[in-house]
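Participant: Take this structure first; my questions come after.
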Amino acid sequence: MNEEMALAAFGALSNRSRLAVVRALVKAGPNGLKAGEIAEALGSSPSQASFHLSTLAESGLIVSQRNAKHIIYRVNFAVFQSVARFLLEDCCRGASGPVCYPVSDC
């Protein structure tokens with residue numbers, strides 16, 4: 001992960017609705033959620049939800065997959081791990097200890 005990719009991820013998360021989408025998708029786990037379910041969870045119109053989903057997908061934080069007539073959205077956990085590694089890569093200048101934990105795979 002480079003700085004530009006990290007900035008895109010943080011920019012996408014710096015909105016209350018998009019953060020709510022990510023939290024809902026994390027709770028949904030690997031099954032993900034349909035676009036309509038996400039709009040309902042946000043209490044927003046489908047077009048507004050689509051705008052937020054598009055921003056999150058462009059940053060790589062979520063992925064989508066067409067399933068018959070629905071689009072299913074899921075969290076891209078690999079990207080979240082990369083963001084965490086980016087933030088922690090210089091933690092404590094390489095010293096180990098109770099403050100600095102490596103980011104483990106989910």
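Participant: Can you tell me the relative contact order of the stretch 1-84? Whole percent, Cα pairs under 8 Å, sequence separation 6 or more. List each step's numbers first, then the result.
Facilitator: Details: 93 pairs, mean separation 28.6, N = 84.
In percent, rounded to a whole number, it is 34.
Participant: Which distance in nm do the two modelled labels at ASN2 and HIS70 give, with both placed 7 Å along the Cα-to-Cβ direction?
Facilitator: A separation of 3.8 nm, rounded to one decimal place.
Participant: Return one whole number: the accessible area per residue of the chain in Å², for a 1.4 Å probe. Please report the intermediate quantities before stating the final value.
Facilitator: Numbers: 7040 Å² over 106 residues.
About 66 Å² of surface per residue is accessible.
Participant: Starting from the Cα gyration tensor of the chain, take the square roots of the eigenvalues, sort them a ≥ b ≥ c, and report rounded, prolate or oblate (rounded when a/c is under 1.5, otherwise prolate if a/b is larger than b/c, else oblate). It would help to have the intermediate numbers written out before the result.
Facilitator: Values: a/c = 2.52, a/b = 2.11, b/c = 1.19.
Cα axes put the chain in the prolate bin.
Participant: Got a number for carbon plus sulfur as a percent of the chain's accessible area, 1.4 Å probe?
Facilitator: Details: 3830 of 7040 Å².
Here it works out to 54 percent.
Participant: Suppose each label sits 7 Å from its Cα in the direction of the beta carbon; what would the VAL63-PHE10 distance come out to in nanometres?
Facilitator: If labels sit at VAL63 and PHE10, their model points lie 2.6 nm apart.
Participant: Only helical DSSP H runs with n ≥ 4 go in: add -39500 (n - 2.57) per run for the chain, normalise by residue count and round the 222 nm mean residue ellipticity to 500 deg cm²/dmol.
Facilitator: Working: 5 runs with 58 residues, N = 106.
Roughly -17000 deg cm²/dmol at 222 nm, from the helical runs in the chain.
Participant: Also, I was wondering about something else. If you line up the long axis of helix 77-88 against the longest principal axis of the chain, both from Cα atoms, how many degrees apart are they, to the nearest 10?
Facilitator: Approximately 30 degrees, to the nearest 10.
Participant: Compute the Cα gyration tensor for the stretch 16-65, then decide on rounded, prolate or oblate, letting a ≥ b ≥ c be the square roots of its eigenvalues: rounded whenever a/c is under 1.5, prolate when a/b is larger than b/c in the other cases, and oblate in all that remain. Walk me through the intermediate numbers first.
Facilitator: Details: a/c = 1.42, a/b = 1.12, b/c = 1.27.
Note, shape of the stretch 16-65 comes out rounded.
The values are calculated or read from the model by the stated rules, or taken from the named source; none is laboratory data. Just so it is clear, the structure is predicted and the values come from calculations on it, not from any experiment. Positions of Cβ are generated from backbone atoms using ideal geometry, with glycine treated the same way; all protein chains shown enter the neighbour counts. Surface areas here come from the heavy atoms of the whole protein model, side chains and all, with no ligands, DNA or RNA. Shrake-Rupley method; radii C 1.70, N 1.55, O 1.52, S 1.80 Å.
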